[in-house]
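The values are calculated or read from the model by the stated rules, or taken from the named source; none is laboratory data. Nothing here was measured: the structure is a model prediction, and the numbers come from that model. We place every Cβ from the backbone using ideal geometry, glycine too, and count neighbours over all the protein chains shown.
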Amino acid sequence: GVPAAAWRGVSMPEPRQVNKWDIAAVKRILDERACAIVLDSGYREDFYVSNVKILLGLLTCGFAIVAQFYPEKFPENVSVLMACIGGYILFNLVLQLFINYKEVDNILFTHAKDTAKFVNPGILVASRMDRFQDVYTLEIKGKAIKGKAAQRPVKLEKSVAKWFDVDGVLAENIFKADVLKLLQEYEEGFGSKQQ
């Protein structure tokens, strides 16, 4: 294998170390770095999905709070309790549907990036890493699904062994280069489509 000292990037003052056998921790550190790299390249994060999730969660909790602290005692408050239970279940279901169909595997939603070359509708960054597998998939796709602004997604699939040394230290410079190359591939495809 490659010695740990040869992998450590000079771009980060303190290397990020992770238990390389913990797939969730490996994915989490790669997701965090991928988001930071995309945001550092000029995209602004779109908080719409996060805000909707927070709002739905607050509404769901609101029903639980009303049910708990309603001034009447049981059994006089049965109708209020039933309405609160129904509202709690309904909004929790709406929240889960929103997460499953809107958020899916996306780890970052961005606003449009204005440059001299082109204006895109913003991007979605998605990642996947199956359980007991070493392949990390990073996908960049446009927010626009159909029409002139639609752009084909670009995908990077690599073994995490390419980015982590034997001690579990992330090679920041190698990972950053791969993410920037993927982002450039997406933007070049989008720019050529606009011309």
Problem - Residue count for the stretch 14-51, restricted to those that are of a type in the set (Asp, Glu) and crowded, with 17+ Cβ neighbours inside 10 Å - result: 2
Practice task
For the stretch 66-107, name all the residues that are among the β-branched types (Val, Ile, Thr) and either outside any helix (DSSP H, G or I) or within 30 Å of the chain's Cα centre (by Cα) (or both).
Solution key: Ile89, Val94, Ile99, Val104, Ile107
Practice task
Name the one entry in Ile145, Ile99, Ile140, Ile107 that is modelled with pLDDT under 85 and among the β-branched types (Val, Ile, Thr).
Solution key: Ile145
Handout entry: Failed criterion for Val18 (all others in (1) among the β-branched types (Val, Ile, Thr); (2) over 15 Å from Lys176 (Cα atoms); (3) under 16 Å from the mean Cα position of the chain (by Cα) hold)
Key = (3)
